[in-house]
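Read the structure below first, then the notes.
Coordinate-derived values only; no laboratory data. Quantities reported herein were computed from a predicted structural model and do not represent experimental measurements. No Cβ is skipped: glycine too gets one built from the backbone with ideal geometry, and neighbour counts run over all protein chains shown.
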Amino acid sequence: MSLVSMRQVLDEAATGGYGVGAFNVNNMEQIQGIMEAARETASPVIVQASRGARSYAGDRFLLHLMLAAAEEYPEIPVVLHQDHGNSPATCLRAIDLGFTSVMMDGSLLEDANTPADYEYNVAVTRAVVEYAHARGVTVEGELGTLGGIEDGVGSGEVNLVDPGQAVEFVARTGVDALAVAIGTSHGAYKFSREPDGDILAMHLIEEIHRRLPDRHLVMHGSSSVPAGLVRRINAAGGRITAGYGVPVEQIQRGIRHGVRKINVDTDGRLAITAAVREALAGEPAEWDPRHATKAARQGMREVVAERMRQFGQAGHAADYLPLSLERMRERYVATAAVA
Ligand SMILES: [Zn+2]
């Protein structure tokens, strides 16, 4: 079994100059699709559970799905990450359960909707870092707010990250990875026209990377919302009006400037919905639900494998041996002693 800390996976990605997709898990078919894609492309992988997933499936079911993935695919380094923790208590519970990485989203208050002030963000993030690093677990923080609301998370307001504040935030909190708001949104309705580097404020990523060259940057809301998937859903009876997502070329530009973790949720949902609708519409006499859920797993696998190749993580699963969380803890202690 190859459970790894996210810090190790992102450090290796920085060395190799690639990005690692973080894919959301809600059920068995989704995680099986992700792991099949990781095996097919020999990729390290971050599987993440949102609070919405935890309330849909339940903490223990999700955790054991992820643990089963790590057992079944021992050649793949797997990070168990908690997406958008809304409070230190949520993050601490995930760490105690066995997650190897957590996100403390202190850009929002505990209701996960109201933008928080900067000092609140520093305080809650710092508290989680202290608890997590003492156990070798990685912490991702967030600065600025993303647009859109997904799984009940978000204020719907876009507040771009301030690079000077990012430098100070990292120094005061000690986070391993920083999600930076550059104009992306959660969900399938991100932009009304194809976004270029200006709409996406890619210059902020470049400036933050210049000032924090050894900190890992994270892009949220980075599904590409492929028009082909939307067309397939609608051709099979759906009625969705998705906008534009984040073009893969813009993500690749981010990867050249310090983006190491790319959150992809919507594309997996779209792929599954397309596959299930086609399966049901194509065989109206079929009554075995596995006909549709098998198609869901395959749809997930295809979109995830494509992103793994595009982000550059493909082929890197066997580059390194996973370090234990105890070893990571010692590393944090050693760095703190030097500082
Ligand atoms: Zn997010």
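A convex hull fitted to the Cα coordinates of segment 210-255 yields 77 cubic angstrom per residue.
When +1 charges are put on Lys and Arg Cβ atoms and -1 charges on Asp and Glu Cβ atoms, the dipole computed for the chain relative to its Cα centre reaches about 320 debye. Taking the average, over residues, of other Cβ atoms within 10 Å as the packing measure, peptides 162-174, 183-195, 277-289 rank 183-195, 162-174, 277-289 from highest down. Hull volume per residue, based on the alpha-carbon atoms of segment 62-110 and their convex hull, is 63 Å³.
Along each principal axis, taking the top coordinate minus the bottom one, the Cα set of the chain gives 67, 42, 36 Å in descending order.
The ratio of the alpha-carbon radius of gyration of segment 166-295 to the globular-protein estimate 2.2 N^0.38 Å is 1.32. In the chain, the longest principal axis of the Cα atoms and the axis of helix 59-72 are about 80 degrees apart.
Translational D (Stokes-Einstein, µm²/s) of segment 90-241 at 20 °C and 1.002 mPa s when Rh comes from the Kirkwood sum over C-alpha pairs? After rounding, the answer is 129 µm²/s.
Computed packing ranks the peptides 22-34, 307-319 as 22-34, 307-319, most packed first, by mean other Cβ atoms within 10 Å. Modelled spin-label separation between residue 28 and residue 89, with each label point placed 7 Å from Cα along the Cα-to-Cβ direction: 3.3 nm. Ranked by the mean number of other Cβ atoms within 10 Å of their residues, highest first, the peptides 110-120, 240-250 fall in the order 240-250, 110-120. The ranking of 209, 257, 291 by Cβ neighbour count inside 10 Å, starting from the fewest, reads 291, 257, 209. Set against the 2.2 N^0.38 Å expectation for a compact globular protein, segment 28-70 has a Cα radius of gyration ratio of 1.16.
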